[in-house]
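Okay, structure first, notes after.
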Amino acid sequence: MDDSVRLIDQVLEEINYRELYLIYSSEGRNPAVSPKTLFKIMVYAYSQHIYSSREIEKACKLNLAFIYLLKGEKAPDHSTITRFRREHLTSCVEGLLTQLVKLLAEADEIHFENLFIDGTKIEANANKYTFVWKGFIEKSEAKLQEKATKYLMKELGFTKLPEYISAEYLQKVLSDLVLIADHQGTAFVYGSGKRKTDIQRQIETIEGFKTRQQKYETARAIFKGRNSYSKTDKDATFMHMKEDYMRNGQLKPGYNIQAAVESEYIVGIDVSAERTDVRTLIPFLDKLNRNYGRNFDNLIADAGYESEENYDYLKRNGITPYIKPSNYEYSKTKKFQKDMEFRLAMDYDEEKDVYTCKGGRILKLSGNKHKKGFMGYESTIKIYKCESCEGCPYYGKCYKGNYSKKIQVSERFDYFREESRKNIVSEKGIQLRINRSIQAEGVFGITKQDYGFKRFLMRGAENVRTEYLILAIAFDLNKLHYRIQSNRIGLSLFPLPESA
């Protein structure tokens, strides 16, 4: 039998489900289907590209492979499957993937040596037109603050106001106005032809201010450093997707999914609201270290992960970087040589800490600029300035073709970048880069095109993470089955092609 169901059943039988069973209450009746059996069904369904709870329910009644996994237990209905995926797997599914990876390591399939990382955007289960933009909220709130300030001072006679008028402050003003209205015995009227009293108009105006201010404060709390979110999935961020059906560059609500791969197996995933990959690396590597109690020897990633802060993290943790510099491809072109002609021609005197330009002029250190990264790392950028360019034959043609009296140099970043460049052009580095294209990018190619997983079913970052972790476990077991069938057990890297 070529189907992977027996292998999935056998491997998942070796996993400890203690954390999963602890989620279930010890009181009340036992679940109709055991949690372990439900998990096997869920993983097998994802391995067969079945994601809908109703389709899984149907398969449990008609498909012999699913009936084999049930082993006489009653087929679960779609509500049981949905509840299991949403409520029971969320807190323990990452631990189940970690256990599977450790089993693969014991079988000498994973060696914690070469970690390939890549990211992709996957569309959220949210309406495309339910966007909330940070810029719009900030402008609207600023206008409301100005309007509320004028009204409170002009109409209500306030002489002193807080610098920021919060919804809580407006509620206090509203409560005071309601007390005054009650004391005066004011009758509130509604509808056309009715004349409202001044106090009623004031109460309604302040109530409108408070409602709008509450909306803006709630939105700012949801952003958490992002520039947008969706009203129907507040954890989703509007991003550019590769699957651009309308071909108009329209932003869609989605998640940035990070996958860590070794020996073709997914060893970890992370879900991020970041639209770029560079800020996802350190938190992701920290999580992998917590899960496995160790670091991988080498990190292989594309230019999207390059930054001084990331390089420094890898150095401190003893991880060898194989990150392609962002200017690597550009540096091999004639345009680069032309644009950088004057910078490349500069001579640096380490003892005097000065640069000499192509025209023989001296650029001295004029000061340092400090830049703080998102994780608190502080980098230092040196600024070298030429005292005078008068009479220089290259005046108006210098660095990048524009007149410039100064250059900025980040010595530490330049050192890290050069070290990584040397790594990737070595024979080992070339092999690792080729494997990154096959293994890390291959994961997303397979899961999106072959598995048809291009949009999440559930909403919220935790539920989205659960979905993709189930997919990762299914992917790994399918990969193990394929490697057994094709006699590729134990092979962690594809060899270099003969032409390389």
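The values are calculated or read from the model by the stated rules, or taken from the named source; none is laboratory data. Owing to the predicted nature of the structure, the values given are computational and were not obtained by experimental measurement. Quick reminder, even Gly has a Cβ in these numbers, built from the backbone with ideal geometry, and neighbours come from all protein chains shown.
Does residue 81 fit the bill of being over 29 Å from residue 276 (Cα atoms) and in contact with a Ser or Thr (Cβ under 9 Å, 6 or more places away or on another chain)? Answer is yes for this residue.
To keep it simple, each residue is scored yes or no on (1) assigned to a loop (DSSP other than H, G, I, E, B); (2) hydrophobic (A, V, I, L, M, F, W, C); (3) within 15 Å of the chain's Cα centre (by Cα); (4) buried (at least 22 other Cβ atoms within 10 Å of the Cβ).
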residue	(1), (2), (3), (4)
205	no, no, no, no
211	no, no, no, no
220	no, no, no, no
232	yes, no, no, no
261	no, yes, no, yes
286	no, no, yes, no
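With 181, 148, 142 as the choices, which residue is surrounded by 14 or more Cβ atoms within 10 Å (Cβ to Cβ), assigned to a helix (DSSP H, G or I), free of Cβ contacts under 8 Å to residues at least 60 places away in the same chain and at negative phi? Show your work before the answer.
On the way: 148 fails: free of Cβ contacts under 8 Å to residues at least 60 places away in the same chain; 142 fails: surrounded by 14 or more Cβ atoms within 10 Å (Cβ to Cβ).
Residue meeting the stated conditions: 181.
Within region 444-500, the set of residues being farther than 12 Å from residue 47 by Cα, touching a helix residue (DSSP H, G or I) at 6+ places or on another chain (Cβ under 6 Å) and of a type in the set (Val, Ile, Thr) comprises 466, 489. Do we have any residue at all in region 70-93 that's assigned to a helix (DSSP H, G or I), closer than 22 Å to residue 480 by Cα and within 30 Å of the chain's Cα centre (by Cα)? Checked region 70-93: at least one residue is assigned to a helix (DSSP H, G or I), closer than 22 Å to residue 480 by Cα and within 30 Å of the chain's Cα centre (by Cα). Checked against (1) in a helix (DSSP H, G or I); (2) charged (D, E, K, R); (3) modelled with pLDDT under 95; (4) surrounded by 11 or more Cβ atoms within 10 Å (Cβ to Cβ), residue 196 passes all but condition (1).
Results for (1) modelled with pLDDT under 95; (2) closer than 27 Å to residue 9 by Cβ, shown as yes or no for each residue.
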position: 427; (1), (2): yes, no
position: 437; (1), (2): yes, no
position: 442; (1), (2): yes, yes
position: 468; (1), (2): no, yes
position: 472; (1), (2): no, yes
position: 476; (1), (2): no, yes
position: 487; (1), (2): yes, yes
position: 490; (1), (2): yes, yes
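Among the residues in region 116-135, are any assigned to a helix (DSSP H, G or I), surrounded by 12 or more Cβ atoms within 10 Å (Cβ to Cβ) and touching a residue at least 60 places away in the same chain (Cβ under 8 Å)? Yes, that holds for at least one residue.
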